[in-house]
């Protein structure tokens, strides 16, 4: 995949990249009209693609991937794409996007399985394969949407996705995790926020102080929508979270609520894993905390409509599908409708003669 760079040139911006020509590495550079780096990226990409067309080079999957990743710059998905490209790139980079179909993906999956087993001595997780193929499909869809390719791409058959683990924390487990995370302050703050807002880890790590309203005691997880994103919520701040954040804010130097070494945090995976080990908890990921918050709200008797709003779900039906079974009154009326013994009180009070085995 070509590495396109944006740099400064005589007080303005320029796009440049390197090409191999007869064994020599030559730099191509073009001055841009853009006055800021945000506008320089799309202009630079347009120039690069124009040059490639003039040279008779077709857009490759690698080109489409880079364009998509650059458009997602600043989001967690962009960072995830960097990691996935280490395995996807060497196989797919030079292909025309319209050449990628199920047969090609099947070859990739088989090679990926063999390489992973050889390196780690165990089978690769189905979730990893699903995520990689899904990202390939997303890139192809992006290329079609942006008219980078002339035809609609092939709809790929994705590897089976593992069933989600129905894991949520009980009260004593929550307290153990909170105690185990105190020694890592930024992690402790993140855990409290995920539990008290039912927010996804990405939303919590992106949360900035300007969206914490101490006077009205609210937390706004929402951000400006510039593309496909999961819905986020605007929620009240409970007393415990209010006290924690009030004490934490004076110790922070950046705009981010979850702060480490005077800056934001891209991931808490490693610190979270270590905390779960100290707390002696198994099968617990950051997302389990969102599930935990929802289960406790529903089990306490909160209505599905209110829980749905708290979670930022697109509709109440989504909430009901996942959490209705945790509600104490769930299906009570239906259960009573099939209680055919409700009028048999006298019968049930009868002493029965239980026959012996020899009768």
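Assorted remarks:
Quick grid of which residues meet (1) farther than 29 Å from residue 87 by Cβ; (2) touching a residue at least 60 places away in the same chain (Cβ under 8 Å); (3) in contact with a helix residue (DSSP H, G or I) (Cβ under 9 Å, 6 or more places away or on another chain); (4) not assigned by TED's automatic domain parsing to the domain that holds residue 288:
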site: 142; (1), (2), (3), (4): no, yes, yes, yes
site: 146; (1), (2), (3), (4): no, yes, yes, yes
site: 149; (1), (2), (3), (4): no, yes, yes, yes
site: 179; (1), (2), (3), (4): yes, yes, yes, no
site: 190; (1), (2), (3), (4): no, yes, yes, no
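- Checking residue 211 against (1) modelled with pLDDT of 90 or more; (2) touching a strand residue (DSSP E or B) at 6+ places or on another chain (Cβ under 6 Å); (3) closer than 17 Å to residue 297 by Cβ, the condition it does not meet: (3)
- Selected residue (criterion: surrounded by the most Cβ atoms within 10 Å (Cβ to Cβ)) from residues of region 286-319 that are over 22 Å from residue 170 (Cβ atoms) and in contact (Cβ under 8 Å) with a residue 40 or more places away in the chain: 313
- Restricting attention to region 178-189, the residues being crowded, with 19+ Cβ neighbours inside 10 Å and farther than 16 Å from residue 201 by Cα number 1.
- Any hit, region 68-76, residues being farther than 30 Å from residue 207 by Cβ, surrounded by 12 or more Cβ atoms within 10 Å (Cβ to Cβ) and at pLDDT below 90: no
- Looking only at region 272-285, and only at residues there that are farther than 15 Å from residue 202 by Cα and within 18 Å of the chain's Cα centre (by Cα), the one that is surrounded by the most Cβ atoms within 10 Å (Cβ to Cβ): 284
- Within region 110-156, restricting attention to residues that are more than 25 Å from the chain's Cα centre (by Cα) and surrounded by 13 or more Cβ atoms within 10 Å (Cβ to Cβ), the residue that is farthest from residue 66 (Cα to Cα) is 111.
- Meets criteria (in contact (Cβ under 8 Å) with a residue 40 or more places away in the chain, surrounded by 20 or more Cβ atoms within 10 Å (Cβ to Cβ) and in the same structural domain as residue 201 (by TED's automatic domain parsing)) for residue 255: no
- The residues of region 77-98 include none that are modelled with pLDDT under 85 and more than 18 Å from the chain's Cα centre (by Cα).
- Pairs linking a residue in region 265-283 that is assigned by TED's automatic domain parsing to the domain that holds residue 255 to a residue that is loosely packed, with under 14 Cβ neighbours inside 10 Å and outside any loop (DSSP other than H, G, I, E, B), with Cβ atoms under 8 Å and 6 or more positions apart or on different chains, are 279/179.
The values are calculated or read from the model by the stated rules, or taken from the named source; none is laboratory data. On a predicted model such as this, the values are computed, not experimentally measured, just so you know. Using ideal geometry, Cβ is built from the backbone for each residue, glycine included, and neighbour counts are taken over all protein chains shown.
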